[in-house]
């Protein structure tokens, strides 16, 4: 394929998952990831569309393998656990406490449903897993996930054990239905030690009908209300699908700002074709916009409230995986916090290690995604500095971020080796999120089910 050569990497054949040499090729403002399988031919997909240019988004970082003494037999991505080739430490460990779910969405990275799948891990199993994660990954943040974790009636005990293990942030990844429906449920989780709710939130009822199979906006707003009453921080998490809700980014931001300081931010996740997804039959099907397309949407759909220059590459995971920006809520809108937005940007002579980026990211996420601090006392401020401190506290901070997950068509093993979000498999392995959930064009998993988990 003709075009500008923007770097070599490795990828997989989306059909057979064979590891292949790959390259990033740019032409006309679009960067494609290309590779050729001897058996199944060329695979070439867009991974970057528009501004800023991919070359300007790169961020230098010194690799810091979390498991330098581990064994590697077949190489990345087949020796995950983590293997010695992995270059980043764990910022967030994700533990799936059930494969069951009360929604059965047409889109699900874990292909979850109400019936079937493996048995739920016991409370003792999970307690041991929490201890093992702490021993292997240190003071990372923890996300309790599934399936839908709220289908378990012992969720409070699970949260309590996670909090007792000492994770700086214990977060629940949920569709929110039970939180909004069952009086007192959210408060019980908060009292058990839950810090934050990572709330599936796809926008309008029309978008929910396509992505989740039913209108859900009212139920999501009830979940936010219940979390506010319980003192739980909330992050809204829209799955963005091209032609479904990618035109709703601005509306979601505006709605989030009306929900008070309990909503700590919005974390967009462009759809990836793994697990259960529309399309199938060997095709990539429904998929999400690229990172620069989300940036452009945020700028155009908020009429300039947000600008592309307000956002920056990550300080932890690979720079082609995400963007984020930190803002102050002010009367009438948002203003970017330049210091927060650039806190991880190194001077040319001071390139950080991956571990340093992980430590910063863990601490910032734990502070920002938890419930806000108390409002300042009523009455006039003593001076401008007091006013600045009051406005800059966590209560008035708001984050906007986006994580571009990889599927069998877009998988870039350089990016995978820089991943800091790791799924704790039942056998104790820590596996990068995209690799754990990655499935071939025919639905064959790369890792899920091979480590004692659901297949």
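The values are calculated or read from the model by the stated rules, or taken from the named source; none is laboratory data. The shown structure was predicted, so the numbers you read here are calculated from the model rather than taken from an experiment. All Cβ positions, glycine included, derive from the backbone under ideal geometry; neighbour counts span all protein chains shown.
Descriptive notes on the structure:
- Counted residues, region 300-311 - those being surrounded by fewer than 20 Cβ atoms within 10 Å (Cβ to Cβ) and in contact with a helix residue (DSSP H, G or I) (Cβ under 6 Å, 6 or more places away or on another chain): 4
- Search result, residues across region 42-56 that are crowded, with 16+ Cβ neighbours inside 10 Å and within 21 Å of the chain's Cα centre (by Cα): 47, 48, 49, 54
- Residue match in region 440-448 (condition: touching a strand residue (DSSP E or B) at 6+ places or on another chain (Cβ under 8 Å), at positive phi and either surrounded by fewer than 20 Cβ atoms within 10 Å (Cβ to Cβ) or in a loop (DSSP other than H, G, I, E, B) (or both)): yes
- Flag for residue 65 being within 25 Å of residue 437 (Cβ to Cβ), free of Cβ contacts under 8 Å to residues at least 40 places away in the same chain and in a loop (DSSP other than H, G, I, E, B): yes
- Residue list for region 131-144, restricted to those being surrounded by fewer than 22 Cβ atoms within 10 Å (Cβ to Cβ) and in a helix (DSSP H, G or I): 131, 132, 134, 135, 136
- Residues (at pLDDT 80 or above, touching a helix residue (DSSP H, G or I) at 6+ places or on another chain (Cβ under 9 Å) and over 12 Å from residue 439 (Cβ atoms)) located in region 268-289: 268, 270, 271, 288, 289
- Filter result for residue 147 (buried (at least 23 other Cβ atoms within 10 Å of the Cβ) and at positive phi): yes
- For region 120-142, the criterion of a residue being within 30 Å of residue 259 (Cα to Cα), touching a strand residue (DSSP E or B) at 6+ places or on another chain (Cβ under 8 Å) and free of Cβ contacts under 8 Å to residues at least 60 places away in the same chain is satisfied by at least one position.
Condition check ((1) on the phi > 0 side of the Ramachandran plot; (2) surrounded by fewer than 22 Cβ atoms within 10 Å (Cβ to Cβ); (3) modelled with pLDDT of 95 or more; (4) part of a strand (DSSP E or B)) across all residues:
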| residue | (1), (2), (3), (4) |
| --- | --- |
| 119 | no, yes, no, no |
| 164 | no, yes, yes, no |
| 172 | no, no, yes, yes |
| 178 | no, yes, yes, no |
| 189 | no, no, yes, no |
| 203 | yes, no, yes, no |
| 215 | no, yes, yes, no |
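- Check on residue 155, assigned by TED's automatic domain parsing to the domain that holds residue 214 and closer than 23 Å to residue 265 by Cα: no
- Residue 351 being modelled with pLDDT under 90, closer than 30 Å to residue 299 by Cβ, in contact with a strand residue (DSSP E or B) (Cβ under 8 Å, 6 or more places away or on another chain) and outside the structural domain of residue 44 (by TED's automatic domain parsing): yes
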